[in-house]
Structures are given as structure tokens and as C-alpha cells.
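**Student:** Mind having a look at this structure? Questions to follow.
The values are calculated or read from the model by the stated rules, or taken from the named source; none is laboratory data. Computed from a prediction, not measured in an experiment: that's the story for all the values here. Please note: Cβ atoms are built from the backbone with ideal geometry, for glycine as well, and neighbour counts cover all protein chains shown.
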Amino acid sequence: MLTGCSKNGRQNARTVYQQERIVIWTSCREFAQYIELFNRQHSDNCAILVYKENPALSLPPAKDENPPDIIVGSWLRTESPQKSFKSLDYLFDTKRLTSEVFYPQLLDSGKRKKVQYLLPVSFNLPAVVFSTDNKDLIPENYTLSLEEIRQTASAFNEKNKKDAYTKIGFTPLGNDEFLYLVAKMKGTDFREGKGEIVCNNQSLLNASTMLRDWVYKENTSPQIEEDFSFKYLFMPYYRQVSSGRTLYAYTTSDNLFKILKEQDLSIDYRWVVEDNSIYIEDSLTMLGIYKDSRNQVGATEFISWFFQSENQKNILETKEGMHLETDLFGIAGGFSSLRDVTEHVLPVYYNQLLTNLPPSQMLTVPQMLPARWESYRTLVVEPYIKAVITMADGETTPSLQDFEKEWRKKVFD
């Protein structure tokens, strides 16, 4: 997908495309709107979008492919960012940008050895939702810890005269992403190390064992959870809580606020927290200038424009006016990395944020992870946790390495 430009009635479009274009690789389709707005305001620059499903896997460009100037996507942070990106320190040295406008922990995540190679664009957070009919059962706070979720959910459970559950407050096995979140919050520390994925194996086992204890002690067994989910929780997560069959459902901020904006729902939410930390989703979006950019001047102009609060406000106003059903949440599908936009502009368009903005001091940035991380998480980490939870008493604990071997066969063989 390409987003073109207009200059002097486009009579010189071919020359502009060849000489002055700003090539932006991204997996975020909404950047097409941002580029269109930028091009309308900058007659001396022309940005175009090249869609890449996973930009990190497209580096370096093919020999017959024009290199990008700007890359926007997930999984761009690496141990050696200089192999793919230019230093962006000059943007701050020349006052094109100021560090104070960003969430500091997100900005720092784009540094390597005190050099700024990447800039944060957007991020998402884990949350649980509940029906406002049950608000009196929820602690009066902006967040919920894992233990608070477990205790309040367990108290919600109900059985009929046949000893069958008619309500289960929360089913951990009902959402694979929640299983992984618990592992991350309990110190598993997945990260990329010397070309392979490493983690704290004991912490992973401890988290999986804790989840197993949760399922068995609060909800009787994995089979009971599965049967209950099949019978009652076959609808979208927000309908699960409004049905009254369950107290909580797990989701992330991008899914949550998109639904809340599209539909009139009587639901509320809490951020999931552990040890005063809210763990940012691994797929946070970053931006950098490619090391072999052919138009660094144009790239600088676009970046300087994009990271101005007023321009992001204009982006949101434009989105609102278009009324697109496929709109993504916020900026590039998440909270903006600019604090002013997230804290003062987004609540204008997403009213539910007025009562529960994410506490900035709690935001915790994920480790650097490889470009194939989502595949590894869904085919290795989550199945491993589920295997530990559902294994029979006396059965040998499964090995993470066995799951990894199968993943490598599927991905690389």
C-alpha cells in the first residue's frame, strides 16, 4: 500500500517521488492517514507508505528494493541497533524534539549505551473488565493485583443444587494471553540473548504452578473451567461480564477502548498490576531512521512533525471526523508516547479514560524481544503454561525445550 503526495497539482509527481520522497515502512495501516495529513501541510516534502506486516523481519531491504527512510513497528529494539538505525540524538541537540514530552521510561527504552536510536510511538496495557452491575464487588482503586482478581473472582463463584457452577468469577485458562501476562509479572524475564530466547526457567515454572493452584483451588479443575467456558462464555469478552456469568474478562487497552467507543456498554475496567508495575504489552510501537536512508532531511521533518502534541491532536480530530468503523484506538493503535496527548487529548475522544488514566509512574517497559516473538509466545510459552496447569497428578512436568523444538521445526524447517 502506498500513500502518494501532491505538489504543484501533481504535475511534477514523478520527479518528487524520485527525489524528495520520504519512504515509511510500517505495519500500522493508520499511518496512511498521518502521511496524508503531513503531505497536505508540507508542499516541499512527500511521504509515502510501504506496508510491511513485520518491518523487523524485512531488514535489511532486498537488493532490488528501495530502502526506507523511516521504520515504524514492533520488535525494532535490538542489542545492536546501530546495525539498522541512525542515532537520533541530533533531534534533541537541535531542539527539534524535547525529551520532556515523552514518558521517560518509554524514551529510555529506545536508547543503547546512552544513544537514542528509536523513539516510542504508542503502547498498550493489560486490563480486566467487569459489569457496572458488579461495581460494588470491585475494590475502589484504579488497579487490581493478581491476588485481588483471584480473591474477588472466587467470592463470585456460585453453584446450583446439582453442584454445577452457574457463575465463575474468572477463568485463567480462558485467555492464553493472560497466562503469559502472569508469567511475565512473576519475573520470567523473557528476552533475546545471543541469538536465542532466554528466560528465568524457575520463575516460569513457579508462575505456571501458581496458575495451576488458582484453577484447582478456586474453580475445581481445568476440565470444569473448560466445560463452563464452553457452555456460558462463548461470546465476546465484554458480553461475558455483562451476561452475569463471570465477574472479570481479560483484555488489552487497544481492544477495550475500540469497543467502548463503538458500543454503548455498561462495563468498567481496572489495570492489572503487580508490585506497583503495569507491564506494557510487548508489541509497543517504535520508530527509527534507517541507517541507509536516502532522505534523512525529509525523515527529520516528518518525525519532528509527528511528535508534536498539536499535530497528534489534529490526527485524532481527523479520525473523529471520518467515522471509520475500522479505526484503531488512539495513536497508531495505542496510547501515545507523548504524555500530554495521552493524559489530556485522548480522554476527549475516549471518555472512559477520564476516570482511570494509566498511572505513569507504574508503566514498565518490556525486555527487548526478537521479531518472531509473537510466534514463540503463542506456540511455545503459552502451550507450556497450559500443559503445566492441566497435567495429571504425578505426571512429569513438561519441558519448555520440547515445545521450542517443535516451534523451530515449524518456523525454520
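**Student:** Looking only at strands (runs of 3 or more DSSP E) that lie completely in the range 180-294, which have at least 1 residues being under 20 Å from the mean Cα position of the chain (by Cα), of a type in the set (A, V, I, L, M, F, W, C) and surrounded by fewer than 20 Cβ atoms within 10 Å (Cβ to Cβ)?
**Tutor:** Output list reads 196-198.
**Student:** Let me ask you something else. For the range 387-413, which residues satisfy the criterion of being farther than 24 Å from residue 75 by Cβ and in contact with a helix residue (DSSP H, G or I) (Cβ under 7 Å, 6 or more places away or on another chain)?
**Tutor:** Within the range 387-413, 388, 389, 390, 397, 398 meet the criteria.
**Student:** Can you name the condition, by its number, that residue 80 falls short on among (1) more than 23 Å from residue 305 (Cβ to Cβ); (2) touching a helix residue (DSSP H, G or I) at 6+ places or on another chain (Cβ under 7 Å); (3) among the small types (Gly, Ala, Ser)?
**Tutor:** (2)
**Student:** Of the numbered conditions (1) surrounded by 23 or more Cβ atoms within 10 Å (Cβ to Cβ); (2) under 23 Å from residue 360 (Cα atoms); (3) not assigned by TED's automatic domain parsing to the domain that holds residue 73, residue 140 satisfies every one except a single condition; which is it?
**Tutor:** Evaluating residue 140 over (1) surrounded by 23 or more Cβ atoms within 10 Å (Cβ to Cβ); (2) under 23 Å from residue 360 (Cα atoms); (3) not assigned by TED's automatic domain parsing to the domain that holds residue 73 leaves (1) as the failure.
**Student:** Given 320, 310, 301, which one is buried (at least 18 other Cβ atoms within 10 Å of the Cβ) and assigned to a helix (DSSP H, G or I)?
**Tutor:** Every option except 301 fails the conditions.
**Student:** Which residue pairs have Cβ atoms under 7 Å apart, sit 6 or more places apart or on different chains, and have a first residue in the range 329-348 that is within 10 Å of residue 285 (Cβ to Cβ) and a second that is in a loop (DSSP other than H, G, I, E, B) and modelled with pLDDT under 95?
**Tutor:** 332/28; 332/30; 333/28; 333/30
For every residue, the table says whether it meets (1) in a loop (DSSP other than H, G, I, E, B); (2) modelled with pLDDT of 95 or more; (3) within 25 Å of the chain's Cα centre (by Cα); (4) not assigned by TED's automatic domain parsing to the domain that holds residue 307.
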position	(1), (2), (3), (4)
63	yes, no, no, no
72	no, yes, yes, no
76	yes, yes, yes, no
90	no, yes, no, no
106	no, yes, yes, no
